[in-house]
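For reference, the structure discussed in these notes is given below.
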Amino acid sequence: MLLAWMESIPTAQRAGLAHLYLMCTSRDLTPFFLEPEEALEAFRTHVLKADMPVRMASSLIATGAVMDLVVTCLAQRGPEARALSKISKVVDIEGPLWEKTMDSWFSFRRESFSANRIAQWFANEEKAEKGG
């Protein structure tokens, strides 16, 4: 579901958000040197990493929280947002495409990617694993 949302936004913004996510969560400097396509691939790999359901749910909740932080910081449009957009190559954070992306993130978060929705997914996974 997260990757489907990412696919719905402009490519440059998708790459920029993936890049910022990786910079916020990496323990080394590797993400700072990734090209846009490399950042997208690393983000996809992170999100799609198979694990036991409880860890996958926890990872999705943490990913949503970091993306909330990144999008909210960019939405504030202060000097920090402009600095972040230059680092990550997010284009035109003040234009109508960015407004649409921002609105779609907050809507997606509220309707499809909330902690409660992820917990529901986890409960269904647990039920399916137990054969019920």
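The values are calculated or read from the model by the stated rules, or taken from the named source; none is laboratory data. In this text, all values refer to a predicted model and were calculated from it rather than measured experimentally. No Cβ is skipped: glycine too gets one built from the backbone with ideal geometry, and neighbour counts run over all protein chains shown. When the accessible area is computed, the model is the full protein with side chains, heavy atoms only, and any ligands, DNA or RNA have been set aside. Shrake-Rupley method; radii C 1.70, N 1.55, O 1.52, S 1.80 Å.
Starting from a Cα-only point model with no solvent, please compute log10 I(q)/I(0) by Debye for the chain at q = 0.12, 0.23 1/Å.
After summing over all Cα pairs, the log10 values are -0.47, -1.48.
With everything on Cα atoms, drop me the angle between helix 79-88 and the longest principal axis of the chain, reported from 0 to 90° to the nearest 10.
Helix 79-88 sits at roughly 70 degrees to that axis.
Note down the accessible area of residue 51, probe 1.4 Å, to the nearest 10 Å².
Spelled out: residue 51, probe radius 1.4 Å, area about 60 Å².
Can you compute the charge dipole magnitude of the chain about its Cα centre, using +1 on each Lys and Arg Cβ and -1 on each Asp and Glu Cβ, nothing else charged? Give it in debye, rounded to the nearest 20.
240
Quick one: compute the contact order of the chain, relative version, from alpha carbon pairs under 8 angstrom and 6+ residues apart, as a percent.
Dividing the mean separation by the residue count of the chain yields 31 percent.
Lys and Arg at +1, Asp and Glu at -1: add these up for the other residues within a Cβ distance under 14 Å of residue 53 and post the number.
Here the charged neighbours net out to 0.
Heavy atoms only, 1.4 Å probe, whole protein assembly: order 100, 130 by accessible area, highest first.
130, 100
Give, as a single signed number, the net charge of other residues whose beta carbon lies under 11 Å from the beta carbon of residue 119, with Lys and Arg counted +1 and Asp and Glu -1.
-1
What FRET efficiency comes out for residue 77 versus residue 107 if R0 is 22 angstrom and r is the Cβ-Cβ distance? Round to the nearest 0.05.
My answer for the efficiency is 0.70.
What is the helix-to-structure angle for 53-75, meaning the angle in degrees between its Cα long axis and the longest Cα principal axis of the chain, kept from 0 to 90 and rounded to the nearest 10?
The answer is roughly 20 degrees.
Within the chain, what is the number of lysine pairs with alpha carbons under 26 Å apart, leaving out pairs fewer than eight places apart on the same chain?
Lysine pairs satisfying the spacing and distance rule in the chain number 5.
Which one, 20, 42, 76, projects farthest toward the positive side of the charge dipole computed for the chain from Cβ point charges (K/R +1, D/E -1)?
76
So, counting K/R as plus one and D/E as minus one, what does the shell of residues with Cβ under 14 Å around residue 30 add up to?
-3
If you rank 43, 32 by how much accessible surface each has, with a 1.4 Å probe, what is the order from largest down?
Ranked list, largest accessible area first: 32, 43.
Gap in Å between the Cα centre of the stretch 1-47 and the Cα centre of the stretch 92-113?
16
Stretch residue 45-residue 117 to full length: gain in nm at 0.36 nm per residue minus the Cα-Cα span?
Using 0.36 nm per residue and subtracting the Cα-Cα distance, I get 23.7 nm.
Using the heavy atoms of the protein chains alone and a 1.4 angstrom probe, what is the accessible area of the stretch 1-66 per residue in square angstrom?
Heavy-atom accessible area per residue stands at 54 Å².
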